[in-house]
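The values are calculated or read from the model by the stated rules, or taken from the named source; none is laboratory data. This structure is a prediction, so every number in the text was calculated from the model and none was measured. Cβ: placed from backbone, ideal geometry, glycine included. Neighbour counts: every protein chain shown.
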Amino acid sequence: MPTTTTEKPIKLIIVNGFTGNEPEPDDNTSYLIWRVVRFHNASVPQAQAEEQTWKTYTAAEAAAEQAWQALDTTSTSEWVAAHHRWVKAEHELDTAAHAWECASRAMEDAWMSCNWGDRTIEVYEQVIREVGVRELIGAGRNKSSFSLASDLRSRRREREQLAGKTINRLPT
């Protein structure tokens, strides 16, 4: 499962007077700084949206897991209602996973559209260290898992088969 480093904030930055909104500077180093500041500041709203959808996803995953675990200890007379709660929790998890994947893909697309070279990445990493904010690319953010939806579907299928066996054996 993806992880994140949340000890540093996601926020706008100003470096050497650059906010990313001014005209391109003439010298190479200033241009690289301007470019990374521009990318970073333009990406902050997307990064915050991604972070929020990730939090929603992890909460939905915990709720679905709790609902699944509750089926083990629920009395036979209450089992169908507990099963329904689990089905609803799984639906919420699907919705949250889709929202996070969309937000994550938007961040990846923004990064890929920049077509950065090694030097630009080095400058970005240096700027982020100096300013003390979270990097919006690389280690500072959750990594999209293209298998996330597949993993959730597979897990759900297995659990539905197990729950189906129980439902078939419940007294009527």
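Laid out as a table, the results:
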| read-out | value |
| --- | --- |
| Selected residue (criterion: nearest to L152 (Cα to Cα)) from residues of the stretch 62-75 that are surrounded by 18 or more Cβ atoms within 10 Å (Cβ to Cβ) and in contact (Cβ under 8 Å) with a residue 24 or more places away in the chain | A64 |
| One residue from E65, E50, E61, E78 being modelled with pLDDT of 85 or more, over 20 Å from V131 (Cα atoms) and in contact with a Ser or Thr (Cβ under 9 Å, 6 or more places away or on another chain) | E50 |
| First in the stretch 79-100 and on the phi < 0 side of the Ramachandran plot, second anywhere and part of a helix (DSSP H, G or I) and among the hydroxyl-bearing types (S, T, Y), Cβ under 6 Å, 6 or more apart | A96/T56; A96/Y57; A97/Y57; A99/T53; W100/T53; W100/Y57 |
| Sole exception among (1) free of Cβ contacts under 8 Å to residues at least 40 places away in the same chain; (2) surrounded by fewer than 17 Cβ atoms within 10 Å (Cβ to Cβ) for R38, by number | (2) |
| Qualifying residue in the stretch 97-116 (condition: closer than 26 Å to P25 by Cα and touching a Gly at 6+ places or on another chain (Cβ under 7 Å)) | no |
| Residue match in the stretch 121-138 (condition: more than 23 Å from K55 (Cβ to Cβ) and at pLDDT below 85) | no |
| Residue that is farthest from E125 (Cα to Cα) [pool: residues in the stretch 18-35 that are buried (at least 17 other Cβ atoms within 10 Å of the Cβ) and of a type outside the set (G, A, S)] | F18 |
| Subset of the stretch 108-134 (residues that are farther than 12 Å from V37 by Cα and in a helix (DSSP H, G or I)) | E108, D109, A110, W111, M112, S113, C114, D118, R119, E122, R129, E130 |
